[in-house]
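Structure record follows, encoded as structure tokens.
Read the figures in this text as sums done on the coordinates, not as results from a lab. These numbers were taken from a predicted model, which means no experiment stands behind them. Positions of Cβ are backbone-derived with ideal geometry, glycine not excepted, and every protein chain shown enters the neighbour counts.
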Amino acid sequence: MFKKLLEWSKDAYIDLPWRRDRTVYKTLVSEIMLQQTTVGTVQNHFERFLKIYPDVHALSKTSEEEICVAWKGLGYYRRARNLRKAAIDIVENYDGKIPGNYEDLITITGIGEYTANAILSIGQNKNALAIDANIERVVSRIYGIQGKKGPKLQKLLKKKFEEGEFREINKCGGREINEALMDLGRIYCQARSANCLGCPVKKKCIAGNTKDPLEYPEIPVKKIAKTYELELLRIIVNENNSILGYKKSDDEWLAGQVECPTFILKSEDKNLMQYPHLDKKLSYKKLKKYKTAITKYKITNYILELSTQEFKDRFSGKFRKYKLTDKLNISTATTKALAKLS
């Protein structure tokens, strides 16, 4: 069934930097980068990151601050910290060699079920199925497997693969078939459209020969998430090329990043605990402002510029000075505030 698919994939090969001169390390880095991020975004940063950290040993020796700076532009910095932890784990427990079996891979910090299977199949060309959103959709359509998109369906597909029900997939090379299925999902077999006429597996695809292939898999109805309006005060103390700030903790938004002193002025969500509430009256409506958003919050940020002494006289909190000349992982909100005042 998949001979035409593999031939098509070679001809329609998407030139991605992590596919060139493939290594297991490149696969590890690219797969963690690709979590919660578009292919285009990763393309813009992958080679630059590899120049800084060419192998797992270099990655294991970096600091959390340094890797977050190198990660700038990719977002979701927890992934960067997890990648560093994975490298440390691999160096300390596996002599710097990325393991070649699922049981060891899954124990490494930052490597989950999908990433472990991607390392095995794509990185090491072993018989495994890396079930991401593309492969979940494509395989469920080809074999006509009903079910709601999500963990339960992925678990069912994994079980069927391991029990040998997808014999045609098992016969192909792990790397070739996984990349071909992913390519098919990106180009022909998309979530909201299926170009069955051009598809290289059309004749054998169960969903493709039904009236509506988009019925596979069933997409759960999303509840409309409630959004909250939030007004924050961002205080900029910028003297002698240093800013006053603090490093966000692991249980806060933008963990590990440096942020300027920030206070809640007004919040529709009375349970929000990300920042302290301003406990004094302040006329802020005429201050410079800018808009941001995070999770379910639409934020209006007001900027108050103060000297060090003015800040000490009016506010309290655990803040320290950070030199702007150092390599800092400054939050986007703080960067925008500085730009507004420049």
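Observations on the model:
- Note on the chain: GNM, Cα springs under 10 Å; of PRO17, PRO151, PRO217, the largest mean-square fluctuation is that of PRO151.
- Computed from backbone phi, the HN-Hα couplings of the range 318-324 come to 8, 10, 9, 8, 10, 6, 5 Hz, rounded to whole numbers (Karplus: 6.51 cos²θ - 1.76 cosθ + 1.60, θ = phi - 60°; Gly and Pro given as x).
- Karplus-derived 3J(HN,Hα), 6.51/-1.76/1.60, for each residue of the range 238-250, Hz, glycine and proline x: 10, 9, 6, 6, 10, 10, 7, x, 8, 8, 5, 7, 5
- When each of the peptides 62-68, 158-164 is scored by how many other beta carbons lie within 10 Å of its residues on average, the order from highest to lowest is 62-68, 158-164.
- Tail weight of P(r) past 26 Å, computed on alpha-carbon pairs of the range 73-219, percent: 32
- For ASN238, nonlocal amide neighbours, meaning residues 5 or more places apart or on other chains whose placed amide H falls under 5 Å from its own, are LEU306.
- Placing R0 at 35 angstrom, the Cβ-Cβ distance between ASN195 and ASN101 gives a FRET efficiency of 0.40 after rounding to 0.05.
- Segment LYS226..GLN36, full-extension length gain: 66.3 nm, with 0.36 nm per residue of separation and the alpha-carbon distance subtracted.
- Computed E for ASP55/ASP250 - FRET, C-beta separation, R0 25 angstrom, nearest 0.05: 0.40
- Across all directions, the average projected area of the convex hull around the alpha carbons of the chain is 20.5 nm².
- Cα→Cβ-extended label distance, 7 Å offset, between ASN127 and LYS203, nm: 2.6
- Counting only Cβ charges, +1 for Lys and Arg and -1 for Asp and Glu, the dipole size of the chain around its Cα centre is about 1180 debye.
- Furthest towards positive pole of dipole, CYS205, ASN117, GLY245, structure part the chain, Cβ charges: GLY245
- Which of LEU34, MET1, GLN146, positive extreme of dipole for the chain (C-beta unit charges): GLN146
- The range 265-284 versus the range 108-147: alpha-carbon centroid distance in Å: 44
- Where the alpha-carbon atoms of the range 1-130 are placed on the principal axes, they occupy 47, 32, 23 Å, in descending order.
- Karplus-derived 3J(HN,Hα) values for the range 211-222, using 6.51 cos²θ - 1.76 cosθ + 1.60 with θ = phi - 60°, are 5, 9, x, 6, 6, 10, x, 6, 8, x, 6, 7 Hz; glycine and proline are entered as x.
- Rel. contact order, % - alpha carbon contacts under 8 angstrom, at least six apart, the chain: 16
- Listed residue (ILE131, LEU74, PRO99) projecting farthest to the positive dipole end of the range 68-153, Cβ model: LEU74
- Euclidean distance between Cα centres, the range 200-254 to the range 1-28, Å: 27
- Scattering profile of the range 65-148 at q = 0.14, 0.25 Å⁻¹ [log10 I(q)/I(0), Debye over alpha-carbon scatterers]: -0.61, -1.16
- The range 244-342: Rg to Rh, with Rh as the Kirkwood radius over Cα pairs: 0.92
- Angstrom value of the Kirkwood radius, inverse mean 1/r, which spans all Cα pairs in the range 36-91: 11.4
- Antiparallel %, DSSP beta bridges [both residues in the chain], to 5: 60
- Annotation for ASP326 and ARG167: the two label points, set 7 Å from Cα along the Cα-Cβ direction, are 6.3 nm apart.
- Put simply, the amide H of TYR297, placed in the peptide plane, has neighbours under 5 Å in TYR228, leaving out anything fewer than 5 places away on its chain.
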